[in-house]
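Undergrad: Please read through the structure below; I'll follow up with questions.
The values are calculated or read from the model by the stated rules, or taken from the named source; none is laboratory data. For clarity, every value in this text was computed on a predicted model and none was experimentally measured. All Cβ positions, glycine included, derive from the backbone under ideal geometry; neighbour counts span all protein chains shown.
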Amino acid sequence: MPSEACERLHVSVGDMVVVEVADDMVSLRPWKTVLKEIQEYVREKVPAGVSLVDELIAERRAERNVSEVVVDASAVLALMLGEKGVDKVEEMREESVISTVNILEALSRLVRHDVNAERAQLFLRQAFPNAIAFDRQQAETAAMIHSATRSFGLSYGDCACLALGIVRRAPVLTGDRRWKELDIGVKVLLFR
C-alpha cells in the first residue's frame with residue numbers, strides 16, 4: 001500500500017486492515033476504526049447499563065499450553081461492546097479459537113437485542129476467524145464435563161468451550177469467575 005494511503009488511514013506496517021467489497025469497489029479500513037464503529041453500533045442497540053456479558057453469565061447459571069486460547073461467548077460480547085476486560089480479549093484475540101457453539105450463543109444474544117445479523121456475522125468472522133466446528137470428540141468431552149460439574153450449573157455452551165480447551169490442550173478465556181473453581185484439566189483465564 002502506498003505510504004500516502006497508510007498515512008491517511010493512520011496505519012503502519014503490520015497493522016490489521018479490513019477489506020470491504022461493494023459492487024465494483026474495494027476499500028481498505030483500519031481494524032481499529034471498524035472495531036470502534038461496531039462497538040458504537042452495538043452500544044446503540046443495547047440499553048445503557050446493560051452488560052450482555054453479565055446477562056450471558058447469569059443465564060448460563062440459571063440454565064444449569066500453547067499460545068492458542070479458546071474464547072467463550074462472554075469474551076466475544078465484551079469485545080463487541082467494549083466492556084470491562086476488552087483489552088485482555090483484544091490482546092488474545094489473534095491467537096484465539098472459538099467453538100461454533102459459542103458463536104451461536106453470542107450471535108443469538110446480539111440478534112435478540114436487534115443487532116443486525118449480517119453486521120454481527122461479519123464482525124464475528126473478522127474478529128474471530130478461527131471457528132472450530134463442534135465434532136464428536138468435543139461433544140463426548142462436553143457431555144463428561146456437564147455430568148461431572150452439575151453443581152456448577154454449567155450450560156452446554158460452557159461445556160462446549162471447556163471441551164474445546166481440553167481437546168486442543170489450550171487455556172480458555174472467559175468472564176465467568178466461577179470457572180476458576182473447576183478442576184477438569186483445563187486452565188481458565190479471566191478477562192475481567
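Undergrad: Just to be sure I understand, how many residues within the range 92-113 are small (Gly, Ala, Ser), buried (at least 22 other Cβ atoms within 10 Å of the Cβ) and part of a helix (DSSP H, G or I)?
TA: Final tally of qualifying residues: 1.
Undergrad: Here's a follow-up. With respect to the numbered conditions (1) surrounded by fewer than 20 Cβ atoms within 10 Å (Cβ to Cβ); (2) within 27 Å of residue 80 (Cα to Cα); (3) out of contact with any Phe, Trp or Tyr (no Cβ under 7 Å at 6 or more places or on another chain), which one is the sole condition not fulfilled by residue 185?
TA: Result: residue 185 passes all but (2).
Undergrad: Same structure again: Would you tally the residues in the range 135-155 being crowded, with 19+ Cβ neighbours inside 10 Å, farther than 25 Å from residue 82 by Cβ and within 20 Å of the chain's Cα centre (by Cα)?
TA: Residues flagged as crowded, with 19+ Cβ neighbours inside 10 Å, farther than 25 Å from residue 82 by Cβ and within 20 Å of the chain's Cα centre (by Cα) within the range 135-155 amount to 3.
Undergrad: Does residue 28 qualify as being more than 21 Å from residue 79 (Cα to Cα), out of contact with any Pro (no Cβ under 9 Å at 6 or more places or on another chain) and modelled with pLDDT under 90?
TA: Here the answer is yes, as residue 28 does meet what is asked.
Undergrad: For the range 57-79, indicate whether the set of residues that are farther than 30 Å from residue 145 by Cα and surrounded by fewer than 20 Cβ atoms within 10 Å (Cβ to Cβ) is non-empty. Before you say what the answer is, go through the steps one by one.
TA: Just the residues of the range 57-79 that are farther than 30 Å from residue 145 by Cα, to begin with: none.
Checked against the condition, which is being farther than 30 Å from residue 145 by Cα and surrounded by fewer than 20 Cβ atoms within 10 Å (Cβ to Cβ), the range 57-79 yields no hits at all.
Undergrad: Let me ask something else about it. For the range 115-155, which residues satisfy the criterion of being more than 19 Å from residue 69 (Cα to Cα) and either among the hydroxyl-bearing types (Ser, Thr, Tyr) or not in a helix (DSSP H, G or I) (or both)?
TA: Those that are more than 19 Å from residue 69 (Cα to Cα) and either among the hydroxyl-bearing types (Ser, Thr, Tyr) or not in a helix (DSSP H, G or I) (or both): 115, 116, 147, 149, 151, 153, 154, 155.
Undergrad: Could you please let me know if residue 7 is at pLDDT below 95, assigned to a helix (DSSP H, G or I), of a type in the set (D, E, K, R) and under 21 Å from the mean Cα position of the chain (by Cα)?
TA: no
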